[in-house]
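**Q** Have a look at the structure that comes next, please.
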């Protein structure tokens, strides 16, 4: 609990209006940040300011409101570029989130570059959003999908990964952090090894971006995707980082305004340059502005400080939860983010989750969009408690007390 001395979590919590509410007569204990983090006032105000004072469509307008909106929207793109240390702002494409970004890569780069004889490597840890788009494309094209399995602690089996690299995959697509087990993958090493056999690398950063300092140039991947709402920002906004050389060769994703250079019935339509080639239509302007505000807020607190606080919370949660008879934690890798998944005896996770809600404790119960992982583990799902910058040790105590009470009621 030493981080509490230098980390003022009480002051941070005061920036989140929703945390002040009660649920079912109890003070809210929000432990579902892996699904979606709550929003600080800085983010809420950034959207209110745009909608109240300078809402306008962007890029093509010549009036003052359009210019101000464009500057704010493009300013958010630069904030994202700088935060993730992407080489150029042209490599940051706004999407509706991680799912949209992966589908964009599958539908453009994947459709243009994958052939029936090719291999794509995924892992057992993947969210459905990094499985289903590739399965849909494999059905269409006929390429093979290979899955890297896990070790007992929930970490990636690197020996098996290296063996599958002997298949000379065209693509390796892997999560940076598991949304179910919290496992942190060494994506720098994965990228280096995949590049050595000529593979393109996509990293799903949805769960890493809220918890870790991510340096895209150090990782060296070809694509990186993340969502704003998991980083204390709005829903419906995210980004795709793509290496400019690849983006320039990729076909457009959607047709419409902004993504074109010239449209004609008499000759072929020509397309805009990245990132605009992949941003057809009116974007989620307030969402992008709010996303930028969220990143500025995270940096004002300090990513390293947030990570240290969450690490201490995770260790404490493991220690206290394991005092409950019959409780098993899934995902015990030494390298893990602020996610704790567990089951107690043979009680269904949804039953525990429902009783916890009645006590004001918000957790996620189910397969967490990682059904292949649950199948491998031989379980229907887990109860998942996930932490954020505003989570307290007292909330962990409340979770443990609520789980203990729920177990007594259900057995």
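The values are calculated or read from the model by the stated rules, or taken from the named source; none is laboratory data. All of these numbers come straight from a predicted model, not from anything done at the bench. Glycine gets a Cβ as well: all are built from the backbone with ideal geometry, and neighbour counts include every protein chain shown.
**Q** Can you pull out every residue in segment 20-31 that is surrounded by fewer than 19 Cβ atoms within 10 Å (Cβ to Cβ) and in contact (Cβ under 8 Å) with a residue 60 or more places away in the chain?
**A** Across segment 20-31, the qualifying residues are 22, 23, 24, 25, 26, 27, 28.
**Q** Turning to a different aspect of this structure: Taking segment 200-217, which residues are surrounded by fewer than 24 Cβ atoms within 10 Å (Cβ to Cβ) and closer than 18 Å to residue 246 by Cα?
**A** Within segment 200-217, 200, 216, 217 qualify.
**Q** Moving on to the next point. Looking at (1) assigned to a helix (DSSP H, G or I); (2) touching a helix residue (DSSP H, G or I) at 6+ places or on another chain (Cβ under 9 Å); (3) surrounded by fewer than 18 Cβ atoms within 10 Å (Cβ to Cβ), which is the only condition residue 83 fails?
**A** Among (1) assigned to a helix (DSSP H, G or I); (2) touching a helix residue (DSSP H, G or I) at 6+ places or on another chain (Cβ under 9 Å); (3) surrounded by fewer than 18 Cβ atoms within 10 Å (Cβ to Cβ), residue 83 violates only (3).
**Q** So if I check each of 330, 232, which one is assigned by TED's automatic domain parsing to the domain that holds residue 70 and either farther than 27 Å from residue 387 by Cβ or buried (at least 17 other Cβ atoms within 10 Å of the Cβ) (or both)?
**A** 232
**Q** Okay, moving on. Within segment 392-411, can you find the residues that are part of a loop (DSSP other than H, G, I, E, B) and either within 31 Å of the chain's Cα centre (by Cα) or under 17 Å from residue 33 (Cα atoms) (or both)? So that I can check it myself, show each step before the final result.
**A** Our first condition is that a residue be part of a loop (DSSP other than H, G, I, E, B); within segment 392-411, this holds for 392, 411.
Of everything in segment 392-411, just one residue is part of a loop (DSSP other than H, G, I, E, B) and either within 31 Å of the chain's Cα centre (by Cα) or under 17 Å from residue 33 (Cα atoms) (or both), namely 392.
**Q** Of the residues that make up segment 62-75, is at least one closer than 27 Å to residue 368 by Cα and surrounded by fewer than 15 Cβ atoms within 10 Å (Cβ to Cβ)?
**A** Checked segment 62-75: no residue is closer than 27 Å to residue 368 by Cα and surrounded by fewer than 15 Cβ atoms within 10 Å (Cβ to Cβ).
**Q** Return yes or no: is residue 228 modelled with pLDDT of 95 or more and under 18 Å from residue 299 (Cβ atoms)?
**A** Yes: the conditions hold for residue 228.
**Q** Here's another thing I want to ask about it. Considering only segment 336-361, state which residues are surrounded by fewer than 22 Cβ atoms within 10 Å (Cβ to Cβ) and closer than 18 Å to residue 182 by Cα.
**A** 343, the sole residue that qualifies.
**Q** Taking the options 251, 210, name whichever one is modelled with pLDDT of 95 or more, over 23 Å from the mean Cα position of the chain (by Cα) and either part of a loop (DSSP other than H, G, I, E, B) or not assigned by TED's automatic domain parsing to the domain that holds residue 115 (or both).
**A** Numbers: 210 fails: over 23 Å from the mean Cα position of the chain (by Cα).
Going through 251, 210 in turn, just one is modelled with pLDDT of 95 or more, over 23 Å from the mean Cα position of the chain (by Cα) and either part of a loop (DSSP other than H, G, I, E, B) or not assigned by TED's automatic domain parsing to the domain that holds residue 115 (or both): 251.
**Q** In segment 150-206, which residue that is touching a strand residue (DSSP E or B) at 6+ places or on another chain (Cβ under 7 Å) and free of Cβ contacts under 8 Å to residues at least 24 places away in the same chain is farthest from residue 114 (Cα to Cα)?
**A** Taking the candidates together, the pick is 157.
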